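Asker: Okay, handing you the structure first.
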Amino acid sequence: MSSSDDPRAIAASSCGPRDSRSGTGDPGDAASSSSDHGDRAAPSAGAVDCRIRAVRARRVWDSRGRPTVEAEIELAGGAVGRAIVPAGASKGSREAHELRDGGAPFGGLDVLQAVAHVETEIARAVVGLRADDQVALDQRLIELDGTPTKSRLGANATLAVSMAAAHAAAAARRVPLHEYLGGAAATLMPLPQIQIFGGGAHAGRRVDIQDFMVVCPAARTFAEALEWTAEVYRHAGLVMQARGASLGVADEGGWWPDFVSNEEALTTLVEAIERAGYAPGEQVAIALDIAASDFGREGRYTLGLDAKVLDSDGMIELLLGWIDAYPIVSIEDPLGEDDADAFVRFTRAAGDRLQIVGDDFLVSDAALVADAAALGAGNAVLLKPNQRGTLSETRAAWDAAQAHGYAGIVSARSGETEDTTIVHLAVGWGTGQLKVGSFARGERMAKWNEALRIEERLGPRATLARPLPRRPR
Ligand code: PGA
Ligand code: ZN
């Protein structure tokens with residue numbers, strides 16, 4: 001029986017502004033900072049009924065022109081929250097299941113079944129629940145689906161609802177989502193990891209390595225980190241143009257990787273950092289996402305561009321050589337998701353001077369993070385809500401990371417939209433790092449620009465996280 005049948009429920013479900021979570025007290029500021037999500041502040045400043053009154057969904061389109069799910073939740077008090085689910089291309093095999101319709105339309109990628117699940121089964125199950133009890137709501141979604149991977153309803157259906165509920169609850173409290181999630185004390189801005197060259201599955205496998213990124217460990221503010229990155233991105237484009245290798249951009253907005261070897265991307269990136277006027281390693285350092293599961297299985301890694309097949313130790317040696325030669329401070333998925341032993345060996349060899357991130361390897365899963373920590377595999381986890389299908393489960397992975405001394409990086413997917421939820425997660429949860437793709441294309445810039453708004457709103461209370469070492473030469 002839903003709580004809406006209980007006459008006491010209205011008082012009990014009040015979710016009006018709470019002292020500890022109300023921001024500046026200016027209702028206008030919450031309304032403006034959440035307007036990108038279509039949220040509406042509740043009509044009065046008093047207690048607002050936070051029970052879910054209606055759930056809607058629609059098919060919208062992502063940055064690759066593919067269908068994806070948007071959900072909209074309306075609360076009894078009138079607040080509305082909206083969220084769109086992203087989609088990956090280089091996925092871990094243990095990710096939650098994204099429901100696609102199959103058949104001829106749109107290459108089998110339509111999401112009409114997932115949309116229908118939100119509007120019928122999920123809506124019936126969550127109407128009457130409180131939007132501000134995220135754990136209970138997500139638990140309801142998990143039980144309703146009933147499979148270990150959300151393959152029945154679709155993780156794209158459940159995540160859209162999970163995120164939309166958080167937006168609605170934040171709107172009801174008249175605070176932006178980051179503050180709803182983390183309270184007024186959540187003032188840590190994430191250090192951004194920003195792609196300069198795309199590769200791997202996002203660039204037709206033109207190079208094997210997926211992301212050649214920069215971080216700015218010496219920047220004083222998030223805004224400054226973006227300024228430095230903008231210059232590096234621009235100079236990287238000029239270098240490519242001068243070589244006649246400027247061929248547009250890859251899926252996440254990084255320059256198209258027209259290189260003769262994987263390593264040439266690294267030398268070019270250092271050149272771009274220097275031309276932009278920054279000290280490589282000291283001011284602007286390199287982060288890589290090898291995405292090794294895309295070209296390695298059972299300890300055999302095929303680097304197509306370099307015409308090399310390496311075993312796990314060969315792969316480790318290659319990466320250790322790169323770490324010595326280039327100012328690299330973070331490497332994601334250096335080895336395949338099925339190569340945990342090699343992950344451990346690589347962590348023993350380089351974990352003291354390098355952030356080693358599990359993405360396909362850990363798929364934002366709390367239990368896998370705990371297992372990896374017990375083995376000593378990696379020291380950081382990528383956090384992608386659609387790898388799990390609810391916000392609570394993604395949050396649990398971050399809790400597990402903190403419990404085991406792992407760093408956390410909230411991350412976008414290669415198929416994105418204007419949705420900026422992940423930026424609020426990074427600030428609200430205080431993860432200290434954010435990865436969104438490159439410094440081009442609207443779906444990427446929407447997130448960087450949202451982070452600028454948040455930093456400005458936090459004012460002097462904002463501090464930029466410094467999770468990564470500098471590597472002066
Ligand atoms: P994906 O890539 O969204 O295509 O999985 C992003 C990443 O590997 O970090
Ligand atoms: Zn990755």
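A short reminder: the numbers here are calculations on the coordinates, not readings from a lab. Since the model is a prediction, treat every value here as computed from it, not as a measurement. Positions of Cβ are generated from backbone atoms using ideal geometry, with glycine treated the same way; all protein chains shown enter the neighbour counts.
Asker: Taking the range 155-263 as the region of interest, what is the percent of Cα-Cα pairs per 10 angstrom bin, listed from the shortest bin to the one with the maximum distance?
Answerer: Calculated P(r), rounded to whole percents: 13, 28, 26, 23, 9, 0.
Asker: Calculate, for Ser246 and Ala349, the FRET efficiency according to 1/(1 + (r/R0)^6) with r their C-beta to C-beta distance and R0 35 Å; round to the nearest 0.05.
Answerer: 0.45
Asker: Report the label-to-label distance for Arg461 and Ala279 in nanometres (one decimal), using points 7 Å from each Cα along the Cα→Cβ vector.
Answerer: 3.4 nm
Asker: What do you get when you divide the Cα radius of gyration of the chain by 2.2 N^0.38 Å, with N the number of residues?
Answerer: Computed over Cα atoms of the chain, the ratio equals 0.96.
Asker: Continuing with the same structure: From Cα pairs below 8 angstrom and at least 6 apart in sequence, can you work out the relative contact order of the range 187-464, rounded to a whole percent?
Answerer: Value for the range 187-464: 22 percent.
Asker: Jot down the per residue volume, in cubic angstrom and as a whole number, of the convex hull over the alpha-carbon atoms of the range 187-464.
Answerer: For the range 187-464, the hull spanned by Cα atoms encloses 112 Å³ per residue.
Asker: Taking the convex hull of the alpha carbon atoms in the range 69-136, what volume per residue do you get, in Å³?
Answerer: Looking at the range 69-136, the number lands at 122 Å³ per residue.
Asker: Using the basic label-point model (7 angstrom from Cα toward the beta carbon), what is the Arg124 to Glu298 distance in nanometres?
Answerer: So the two model labels end up 4.6 nm from each other.
Asker: Something else about it: Any chance you could check the Cα centroid distance between the range 88-128 and the range 374-388 for me, in angstrom?
Answerer: Cα centres, the range 88-128 to the range 374-388: 24 Å.
Asker: Where the eigenvalues come from the Cα gyration tensor of the range 285-355, what are the semi-axes √(5λ) of the equivalent ellipsoid, largest first, in whole Å?
Answerer: Taking √(5λ) for each Cα gyration eigenvalue gives 18, 14, 10 Å.
Asker: In the range 187-227, what is the volume of the convex hull around the alpha carbon atoms, normalised per residue and reported in Å³?
Answerer: 77 Å³
Asker: Please list 198-207, 158-167, 327-336, 463-472 highest first by mean number of surrounding beta-carbon atoms within 10 Å per residue.
Answerer: Put in order of decreasing packing, that is 158-167, 327-336, 198-207, 463-472.
Asker: Here's another thing I want to ask about it. Please work out how much length the chain gains when fully extended from Leu452 to Leu320, using 0.36 nm per residue of separation minus the C-alpha to C-alpha distance, in nm with one decimal.
Answerer: Working it through step by step, the gained length comes to 44.0 nm.
Asker: Now, a different point. Let me have the relative contact order for the chain, percent, based on Cα pairs under 8 Å that are six or more residues apart.
Answerer: Value for the chain: 18 percent.
Asker: If you don't mind, another one. Out of all DSSP beta bridges with both ends in the chain, state the antiparallel percent to the nearest 5.
Answerer: Among the beta bridges of the chain, antiparallel pairing accounts for roughly 60 percent.
Asker: To continue, here is another question. Provide, for the chain, the number of lysine pairs with alpha carbons under 19 Å apart, each pair being eight or more places apart or on different chains.
Answerer: 7
Asker: When the Karplus curve 6.51 cos²θ - 1.76 cosθ + 1.60 is applied with θ = phi - 60°, which whole-Hz ³J(HN,Hα) does each residue of the range 92-98 get, with x for Gly and Pro?
Answerer: For the range 92-98, the Karplus curve yields x, 5, 9, 5, 4, 7, 8 Hz.
Asker: If you look at just the Cα atoms of the range 329-465, how large are its Rg and its Dmax in Å?
Answerer: 15.1, 45
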